[in-house]
């Protein structure tokens with residue numbers, strides 16, 4: 001719950017600043033937690049099927065932050081419409097973070113990047129995920 005409040009506060013405060021914090025600042029603020037970055041699109045049926053799993057991960061694990069990326073680059077009202085229609089309950093980044101993370105842009109959806117608490121990409125999951133597969137890739141991950 002505290003993690004969700006921290007992300008919400010960060011996003012809320014962004015509206016009070018002359019320039020909102022960029023995605024790099026948001027990712028930096030999440031250091032110390034597992035970060036799951038999920039690429040989704042409204043036309044992707046497997047994406048739609050896994051959204052409840054991602055919502056559950058975000059809501060039930062304080063040590064994991066889930067962030068979304070709209071693959072089609074929707075912004076503003078259109079992004080909010082898609083988020084509402086699909087029931088996305090986790091924050092959606094404004095820009096694709098692939099280059100920032102030193103990763104290629106995904107070519108298959110859904111794709112999920114797993115960042116460890118140090119901010120390093122430790123896994124790329126392709127295809128729809130379940131709560132079990134997501135927890136195994138984050139909080140249940142074995143060291144090494």
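Looking only at residues of region 49-63 that are in contact with a helix residue (DSSP H, G or I) (Cβ under 6 Å, 6 or more places away or on another chain) and surrounded by 16 or more Cβ atoms within 10 Å (Cβ to Cβ), we find that the one that is nearest to residue 28 (Cα to Cα) is 57. Evaluation of residue 92 against the conditions (1) out of contact with any strand residue (DSSP E or B) (no Cβ under 6 Å at 6 or more places or on another chain); (2) closer than 17 Å to residue 30 by Cα shows that the sole unmet condition is (1). Across region 75-100, the qualifying residues are those that are without any contact (Cβ under 8 Å) to a residue 24 or more places away in the chain and surrounded by 16 or more Cβ atoms within 10 Å (Cβ to Cβ), and the one among them that is farthest from residue 123 (Cα to Cα) is 79. Go through region 58-74 and give me each residue that's assigned to a helix (DSSP H, G or I) and out of contact with any strand residue (DSSP E or B) (no Cβ under 8 Å at 6 or more places or on another chain). Once the filter is applied, which keeps residues that are assigned to a helix (DSSP H, G or I) and out of contact with any strand residue (DSSP E or B) (no Cβ under 8 Å at 6 or more places or on another chain), region 58-74 yields 59, 60.
Residues that are free of Cβ contacts under 8 Å to residues at least 60 places away in the same chain and under 14 Å from residue 50 (Cβ atoms) within region 101-136 comprise 108, 125, 126, 132, 133, listed in sequence order. The numbered conditions (1) within 14 Å of residue 91 (Cα to Cα); (2) assigned to a loop (DSSP other than H, G, I, E, B) are all true for residue 55 except (2).
Among the conditions (1) within 24 Å of residue 60 (Cβ to Cβ); (2) outside any loop (DSSP other than H, G, I, E, B), the only one that residue 77 does not satisfy is (1).
Taken across region 28-35, residues that are under 25 Å from residue 132 (Cα atoms), assigned to a strand (DSSP E or B) and either touching a residue at least 12 places away in the same chain (Cβ under 8 Å) or out of contact with any helix residue (DSSP H, G or I) (no Cβ under 8 Å at 6 or more places or on another chain) (or both) do occur, with at least one present. If you filter region 123-140 down to residues that are out of contact with any helix residue (DSSP H, G or I) (no Cβ under 8 Å at 6 or more places or on another chain) and at pLDDT 95 or above, you find that the one that is surrounded by the fewest Cβ atoms within 10 Å (Cβ to Cβ) is 132.
The values are calculated or read from the model by the stated rules, or taken from the named source; none is laboratory data. Since we're looking at a predicted model, the values are computed, not measured. In this analysis, Cβ positions are derived from the backbone assuming ideal geometry, glycine residues included, and neighbour counts consider all displayed protein chains.
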